[in-house]
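Please treat every number below as a calculation from the coordinates, not as lab data. These numbers were taken from a predicted model, which means no experiment stands behind them. Every residue, glycine as well, gets a Cβ built from its backbone with ideal geometry; the counts of neighbours run over all protein chains shown.
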Amino acid sequence: MSGGDNAEEDPVNPEGLAVYTKDLVRRYGTTTAVDGIDLSIPRGEVYGFLGPNGAGKSTLIRVLCTLLRPTAGRVLVAGYDVAERPEEVRLRIGVALQEAALDPRQSGRELLVLQGRLYGLSTSEIRGRLRDVLDLVDIAEAIDRRIATYSGGMKRRLDLAAALVHNPEVLFLDEPTTGLDPESRSHVWAEVRRLNAELGITIFLTTQYLEEADILADRVGIINQGRLIAEGSPDVLKHSMGEDLIVAEVEGDGDGALVALRSLGMVSAASRHGDRIVIATPDGPAAISPVALQLGHFGLEVRSITLRSPTLDDVFRELTGTRIETAAAR
Amino acid sequence: MTAEPTTIRGREAGYLRDLSTVAGRALRQIPREPLAVLPAVFVPAFFYAVNLGALENLARGAPGFSYKAFLLPMAIAFAVTGMSRAQMLVTDVVDGYFDRLCLTPVRRSALLLGLMAADVVVILALCLPVLAIGFGIGVRFSTGFAGVLVFLGFSALWGLAFTGFPYAVALKTGSPAAVSATYVVFFPLFFLSDAVVPKPVLTGWFSTIATYNPVTYLLAALRSLISGGWQPNALVEGLAALTGLLVVSMSFALFALRGRTNRGA
């Protein structure tokens, strides 16, 4: 698991990829928001970009969508360079930004028709596409109402419909479920899966929700402080932590406990984060008793001990020493 | 329900379609927000009536001078000044909808010029009730129907020339309050001219400022069409003043648009 290893060398045909970046840097003044990111995303993939708030996700997506020019590096989207041919990129991408960017004074239908006109579609093409996208995003009942009357979930769905009117090759979703209730969130997830499975649209989504990346993405890139620190399928990333995790809440210093734990044959890694000790092991049920004994042996008072499968948050914590939620709050 | 793949793809729409799409959206909002437009009819009608009531008797002594005709251009200029979609634009910037439009293949200049095209339609529509009031109280055009059309053209050009300033502020600041404040620019422009009393009556510093104020030449051109017959000098001077103002305000607006859509590096 190493950040962007697959893009260390130019692929044979970067123009054939949905998204390709090489040494992408974006600075705001003296602040570096995106710092040397390499991506190679084939067509038809759902790629999840996971990281805390302020990690550089939105900046990256704004570069890929042509709203920002890269400070350095090469960036191709749908085969076109975003710096040299932004107009070609815009024709081929659909974008739903973090805050549903809609005009509340228009009706949903007016907004979608306007979107279709700006993409050069004829009246009959727009009519057909509206039928298609309204089926996809399930908002037909409200389509003639003013957008100002829509709920947050409906606005997100309309935003998604607007991003799809011109039948894009690559769809960018910037935190598509942030602020949504669980029901609306699962609705969006279902739509994303259908778009990818039935229409073959490449989907690049950013998220700060571990579950979202885990459920939706074929591959996940983890970003922290502007750098890609890990990349791979969710399963591969999680299994890199070991098959199981034992998490112990403890009190006391327990000097030497970690070294002793690591020396147990069935423990592949052990680390301490405040009062929590996290032990990775290929066989959790077999390891939990020896681990508990070892902790007691070093004078640690064990308040609780649990056995569970690794999550992407564990991967993030292993790589950065902090949890995504903690990093987001900083 | 299974989605069917489609062969329809996005393509460039063409500049005229970009313009008409942006303008059409702006015009659709007008009947939904009548309070944004109605004051532009009532306020100039009010000032027209008040000024007539207060000053017409003073002007009665001048032979062949109609104060009603003299004051009508002031009412028109009052009606159309500041009639812009700049508030709509700044709201789009604040709401993020401007970004969504920038994600489409629309030409950046069409995002501004489309709104200005809508402004011209609104301005012409606003001239009609004020002209109707003038006709209703007996004002007649010595240049006939052609003069009315030229009058409307000058009014539209003035409205367009002024409207560049609020657009520039909207794009530069993204602040609705700042856009509202640009209307303040109108007052010195307007009242430091011969809007209410004829230029020969003005004296001292006021007369000097009025001489360099483009509004003076706008009003002179409009008045010539009503009561002076075809006067090429007045029309050319008016056109030159408005063109100069238009170049300045459009430069500000286009520069601000470039700044807003500049993707940085």
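Observations, loosely collected:
- Amide H contacts of A:Ala269 (H built 1.01 Å from N, under 5 Å, at least 5 apart or other chain): A:Ala280
- Listed by Cβ neighbour count within 10 Å, with the fewest neighbours leading, B:Lys68, A:Lys238 appear as B:Lys68, A:Lys238.
- Arranged from fewest to most other beta-carbon atoms within 10 Å of their beta carbon, B:Lys172, A:Lys22 become B:Lys172, A:Lys22.
- Average beta-carbon neighbours from other chains, 10 Å sphere, peptide B:27-35: 1
- Set against the 2.2 N^0.38 Å expectation for a compact globular protein, the protein assembly as shown has a Cα radius of gyration ratio of 1.30.
- Look at where the Cα atoms of the range B:81-137 and of the range A:176-211 average out, and the two centres are 37 Å apart.
- Taken about its Cα centre, the range B:1-141 carries a charge dipole of roughly 280 debye when the Cβ of each Lys and Arg holds +1 and the Cβ of each Asp and Glu holds -1.
- Distance from the range B:205-220 to the range B:30-51 (C-alpha centre basis), Å: 25
- Rg to Rh quotient for the range B:15-261, alpha carbon positions, Kirkwood Rh: 0.99
- Residue mean of other protein chain beta carbons inside 10 Å, A:96-104: 5
- Vicinal HN-Hα couplings computed from phi for the range B:171-184 (Karplus, 6.51 cos²θ - 1.76 cosθ + 1.60; Hz; Gly/Pro x): 6, 6, 9, x, 10, x, 5, 5, 5, 4, 5, 5, 4, 4
- Its Cα centre serving as origin, the range A:62-122 has a Cβ charge dipole (Lys and Arg +1, Asp and Glu -1) of approximately 20 debye.
- Our coupling estimate for the range A:53-58, obtained by passing each phi through the Karplus curve with A = 6.51, B = -1.76, C = 1.60 and θ = phi - 60°, is 4, x, 7, x, 5, 5 Hz, Gly and Pro reported as x.
- Relative contact order computed over chain B (Cα-Cα under 8 Å; 6+ residues apart), in percent: 23
- Residue order, fewest to most surrounding Cβ atoms within 10 angstrom, among A:Arg27, B:Arg223: A:Arg27, B:Arg223
- Overall dimensions of the range A:164-215 by Cα: Rg and Dmax, Å: 11.0, 30
- Computed from the C-beta positions of B:Asn233 and B:Glu33 and an R0 of 45 Å, the FRET efficiency is 0.65 to the nearest 0.05.
- Spatial separation of Cα centroids for the range B:149-191 and the range A:141-173, in angstrom: 34
- In a simple Cβ point-charge model (Lys, Arg +1; Asp, Glu -1; nothing else charged), chain B has a dipole of about 340 debye relative to its Cα centre.
- Counts of other chain beta carbons within 10 angstrom of each beta carbon in peptide A:89-95 average 4.
- Karplus (6.51, -1.76, 1.60) ³J(HN,Hα), θ = phi - 60°, over the range B:38-53, in Hz, Gly and Pro reported as x: 4, x, 5, 8, 6, 5, x, 4, 5, 5, 4, 5, 5, 5, 4, x
- Mean separation of Cα contacts under 8 Å, 6 or more apart, over the residue count of chain A: relative contact order %: 20
- With the charge dipole of chain A set up from +1 on Lys and Arg Cβ and -1 on Asp and Glu Cβ about the Cα centre, the Cα lying farthest toward the positive end among the listed residues A:Ala286, A:Tyr20, A:Gly79 is that of A:Gly79.
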